[in-house]
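Student: Questions regarding the structure given below will be posed in turn.
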Amino acid sequence: MNREDNILTPVALEIILNAGNAREKSEEAIKYAHIGDFKNAYLYLEKAKKMMLSAHHAQTEIIQKETQGENFYLDLLFIHAQDTLMTIRSELNLRKEIIGLYEFIHNITNKSQ
């Protein structure tokens, strides 16, 4: 089967693109938190979350079709997309916690001054 014939190819690319964009937005969120701009930190986290949701929807659509009996030719690109999605989802969760810690430290530091 050619890559052009595989229905999973555009889905894999969509997952990789959205997950990668989510990673970039969450990196921006950390930068904002680092300088104490929590309004923008949480704004960028929300943007990242929406991008991850788009990637997740693309994945879920394929999983639902598979459970309904449709078979797909699984290739390395789709496996890479799944790996990317799960890795960035974990990064996003960790960055959310780190931003919360930055905010906590920021608040404690400002109270003591």
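Student: Condition test on residue 51, is it within 11 Å of the chain's Cα centre (by Cα) and open to solvent by 70 Å² or more (accessible area, probe 1.4 Å)? So that I can check it myself, show each step before the final result.
Tutor: Values: within 11 Å of the chain's Cα centre (by Cα): yes; open to solvent by 70 Å² or more (accessible area, probe 1.4 Å): no.
It is false that residue 51 is within 11 Å of the chain's Cα centre (by Cα) and open to solvent by 70 Å² or more (accessible area, probe 1.4 Å).
Student: Could you please let me know if residue 40 is assigned to a helix (DSSP H, G or I), touching a residue at least 40 places away in the same chain (Cβ under 8 Å) and open to solvent by less than 80 Å² (accessible area, probe 1.4 Å)? Lay out the reasoning, then the answer.
Tutor: On the way: assigned to a helix (DSSP H, G or I): yes; touching a residue at least 40 places away in the same chain (Cβ under 8 Å): no; open to solvent by less than 80 Å² (accessible area, probe 1.4 Å): yes.
No: the conditions fail for residue 40.
Student: Next question, about the same structure. Name the single residue that is most open to solvent (accessible area, probe 1.4 Å) among those in the range 62-77 being aliphatic (A, V, I, L, M) and assigned to a helix (DSSP H, G or I). So that I can check it myself, show each step before the final result.
Tutor: First, pick out the residues of the range 62-77 that are aliphatic (A, V, I, L, M): 62-63, 74, 76-77.
Filter again for assigned to a helix (DSSP H, G or I), leaving 62-63, 76-77.
Working: 62: 12, 63: 87, 76: 133, 77: 38 Å².
Per the criteria, the residue is 76.
Student: Do you know which of the residues in the range 78-109 that are open to solvent by less than 90 Å² (accessible area, probe 1.4 Å) and of a type in the set (Phe, Trp, Tyr) is farthest from residue 19 (Cα to Cα)?
Tutor: Taking the candidates together, the pick is 102.
The values are calculated or read from the model by the stated rules, or taken from the named source; none is laboratory data. Owing to the predicted nature of the structure, the values given are computational and were not obtained by experimental measurement. For neighbour counting, all protein chains shown are included, and Cβ atoms are generated from backbone atoms with ideal geometry for every residue, glycine included. In case anyone asks, the SASA skips ligands and DNA or RNA and just uses the protein heavy atoms, side chains included. Shrake-Rupley method; radii C 1.70, N 1.55, O 1.52, S 1.80 Å.
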